[in-house]
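To start, the structure under review is shown below, and the notes come after it.
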Amino acid sequence: MLTQAVARFIRVSPRKARLVADLVRGKTVAEALAILQYAPPAAARLLVKTLRSAVANAEHNHQVRNLDGLRVGVVVDGGPTLKRIQPRAMGRAFSIRHRTSHITVTLAEAPGGVGPRLGPARTSGPRAGRRSTPSRRGASGRPPKSA
């Protein structure tokens, strides 16, 4: 890890932010910024802000001028939840949870300088050699109903 930037207590659900983070993880800085620029979720704007902060940290703290060899790593953790109460009919009260996130963007040099490092294919172990074709079971995991 070369440098990082952390945005804490961000008012976006971690689950929604992780969907955007998965788009840019492992990409170069230029690719990540281009992807996030056109990504529609609101979490993309927050991720761009944190990524630009990490780039500024690399330039200022480590005197990095060439950002071509740097890969982006993104981790989204859950922050504290703000709990609110919504009054409902007949004296009931429903709970509303406003979730927050901690977004950590790291910049690291790619091993070998070219592309992300890919490990060897698994040739042994409990899941090696399994077929990727679907079974007789449906998407729910249950066998189909017979007539």
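The values are calculated or read from the model by the stated rules, or taken from the named source; none is laboratory data. This is a predicted model, so every value here is computed, not measured. Here Cβ is always computed from backbone atoms with ideal geometry, including for glycine, and neighbour counts include all displayed protein chains.
Here are a few things to note about the model shown:
- Meets criteria (assigned to a strand (DSSP E or B), modelled with pLDDT of 95 or more and out of contact with any Phe, Trp or Tyr (no Cβ under 9 Å at 6 or more places or on another chain)) for Val75: yes
- Here Ile85 fulfils each of the conditions (1) surrounded by fewer than 14 Cβ atoms within 10 Å (Cβ to Cβ); (2) touching a helix residue (DSSP H, G or I) at 6+ places or on another chain (Cβ under 7 Å); (3) of a type in the set (Val, Ile, Thr) apart from (2).
- Residues (over 21 Å from Ala108 (Cβ atoms) and not in a helix (DSSP H, G or I)) located in the stretch 9-50: Phe9, Ile10, Arg11, Val12, Ser13, Tyr38, Ala39, Pro40, Pro41
- Matching residues in the stretch 78-105 - criterion: being without any contact (Cβ under 8 Å) to a residue 12 or more places away in the chain, assigned to a strand (DSSP E or B) and among the basic types (Lys, Arg): none
- Within the stretch 57-72, considering residues that are outside any loop (DSSP other than H, G, I, E, B) and free of Cβ contacts under 8 Å to residues at least 24 places away in the same chain, the one farthest from Pro111 (Cα to Cα): His60
- Within the stretch 73-84, considering residues that are more than 16 Å from the chain's Cα centre (by Cα) and of a type in the set (D, E, K, R), the one farthest from Glu109 (Cα to Cα): Arg84
- Near pairs, Cβ below 7 angstrom, 6+ apart or cross-chain, from the stretch 27-42 (in contact (Cβ under 8 Å) with a residue 40 or more places away in the chain) to any residue that is part of a loop (DSSP other than H, G, I, E, B): Thr28/Asp68; Val29/Leu67
- Search result, residues across the stretch 8-38 that are more than 20 Å from Asp68 (Cα to Cα), in contact with a helix residue (DSSP H, G or I) (Cβ under 6 Å, 6 or more places away or on another chain) and either crowded, with 17+ Cβ neighbours inside 10 Å or at pLDDT below 95 (or both): Ile10, Val12, Ala17, Val20
- Filter result for Ala7 (aliphatic (A, V, I, L, M), touching a Lys or Arg at 6+ places or on another chain (Cβ under 9 Å) and under 27 Å from Arg97 (Cβ atoms)): yes
- Check on Ser95, hydroxyl-bearing (Ser, Thr, Tyr), out of contact with any helix residue (DSSP H, G or I) (no Cβ under 9 Å at 6 or more places or on another chain) and loosely packed, with under 15 Cβ neighbours inside 10 Å: yes
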